[in-house]
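K.L.:
Got a structure for you, written out below as structure tokens; questions coming shortly.
The values are calculated or read from the model by the stated rules, or taken from the named source; none is laboratory data. Please read these numbers as outputs of a predicted model, since none were measured by experiment. So basically every Cβ, Gly included, is an ideal-geometry build from the backbone, and we count neighbours across all protein chains shown.
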Amino acid sequence: MYHTQVKPVLSGLPLEALAETLKPLPKFRAEQVFRWIARGVSSFQEMTNLAIPLREDLERRFSLYSSVIAERAEDPDGTVKLYIRLHDGERIEAVLLTDGERRKTACLSTQAGCPLGCVFCKTGTRGLTRSLDSGEILEQFLHLRSIEPEIANIVFMGMGEPLLNLPELRKTLAVLTDSRGLGLSKRRITLSTGGIIAGIRSLAAAGPEVGLALSLTTADSALRSRLMPVTLSNPLPYLKEVLYDYQQRQGRRITLEAVLLEGINTRQEDSDALAAFASGLEVVVNLIPWNPVEGMVFEGRALREPSEREITAYIRRLERRGLKVTRRRRKGRGIAGACGQLGGAPEVRQPCSGPEAD
Ligand code: SF4
């Protein structure tokens with residue numbers, strides 16, 4: 001069946017680590033390999049500026065990638081979801097989103113499953129299998145780019161809690177933003193957290209300076225603890241303090257995301273609590289009407305998407321409190337590729353194309 005990778009994988013190594021791994025090859029050789037990986041070549045044989053014996057030697061000793069696209073699903077709205085099989089048979093999902101201006105965004109996963117257990121999220125019901133390594137995170141981007149070359153933005157809002165996998169994520173970000181390779185702007189990269197205080201503190205102190213979104217959902221502490229148990233170990237007052245500190249140091253606006261659940265967190269008290277939480281921070285509020293997942297319940301009651309009336313009233317109340325509010329478009333529902341719907345990968349069928357694992 002599946003085997004643990006035996007050869008070291010090169011895809012997720014920042015250039016300095018790659019140069020170290022390829023020693024005694026000179027650094028310029030490592031730079032050449034780094035550039036080829038950024039271009040998404042599928043084998044060492046395509047690295048035409050390396051001599052053939054060197055390509056063969058590298059192929060014997062290393063793997064370029066460790067994952068393959070197992071299946072691809074497309075929604076008529078343009079959203080594409082990839083089911084990706086990892087070297088040990090684990091499956092993760094990555095999504096390509098297209099907005100109204102045809103701008104493409106890659107939504108990537110950082111863990112297989114998620115330990116946070118938010119009650120409204122399919123991934124959360126699955127629990128955590130394991131964290132991904134930097135190559136497994138990077139390869140999601142390369143796989144998506146193999147079907148869409150023009151990806152303008154990256155969001156880490158797929159499966160998992162990015163701040164519980166920060167060391168590997170930092171390596172991936174180093175590869176993504178290195179001007180000698182992919183050269184993506186940090187301003188176009190956002191990570192979304194359920195509110196891991198230690199992780200935000202670490203980001204504030206050591207970067208990288210990517211955008212930060214907090215999946216807040218409600219600022220009513222008691223309700224949030226029931227919807228998002230992570231609140232119990234990361235209380236909202238401390239979370240706010242650390243966000244304030246992050247903003248002072250990084251100088252970037254923070255996004256507060258709120259998944260809206262009918263009759264649960266769209267009350268007057270919720271908009272009041274959210275406005276109070278946001279006060280003193282520079283934020284934009286991004287509302288996400290819950291994307292239905294069958295069979296999900298909260299305290300014995302089936303979760304439902306709020307009505308348009310409920311959503312509009314909630315938005316108005318926030319705007320009256322002076323908050324800038326945006327609303328997430330409904331995208332990818334037809335393929336269970338929308339926010340909160342990931343984690344129901346079907347059994348793997350025929351592999352599709354994309355960078356291949358060696
Ligand atoms: S919403 Fe995010 S943090 Fe919460 S369980 Fe789902 S993937 Fe994890």
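K.L.:
Being touching an Asp or Glu at 6+ places or on another chain (Cβ under 8 Å), assigned by TED's automatic domain parsing to the domain that holds R317 and surrounded by fewer than 19 Cβ atoms within 10 Å (Cβ to Cβ) narrows it down to one residue among R226, R249; which is it?
P.N.:
Criteria check complete, one pass: R226.
K.L.:
Find all pairs meeting these conditions: Cβ atoms under 7 angstrom apart; at least six residues apart or on different chains; first residue within segment 250-266 and closer than 17 Å to V293 by Cβ and among the β-branched types (V, I, T); second residue within 16 Å of the ligand (Cβ to nearest atom) and not in a strand (DSSP E or B).
P.N.:
V259/F120; V259/T217; V259/W290; V259/G340
K.L.:
Tell me, which strands (runs of 3 or more DSSP E) wholly within segment 110-217 include 2 or more residues that are of a type outside the set (D, E), within 25 Å of A38 (Cα to Cα) and within 14 Å of the ligand (Cβ to nearest atom)?
P.N.:
The qualifying strands (runs of 3 or more DSSP E) are 111-113, 153-156, 189-193.
K.L.:
What are the residues in segment 80-109 that are away from the ligand (no atom under 15 Å from the Cβ), assigned to a loop (DSSP other than H, G, I, E, B) and surrounded by 22 or more Cβ atoms within 10 Å (Cβ to Cβ), if any?
P.N.:
L86, the sole residue that qualifies.
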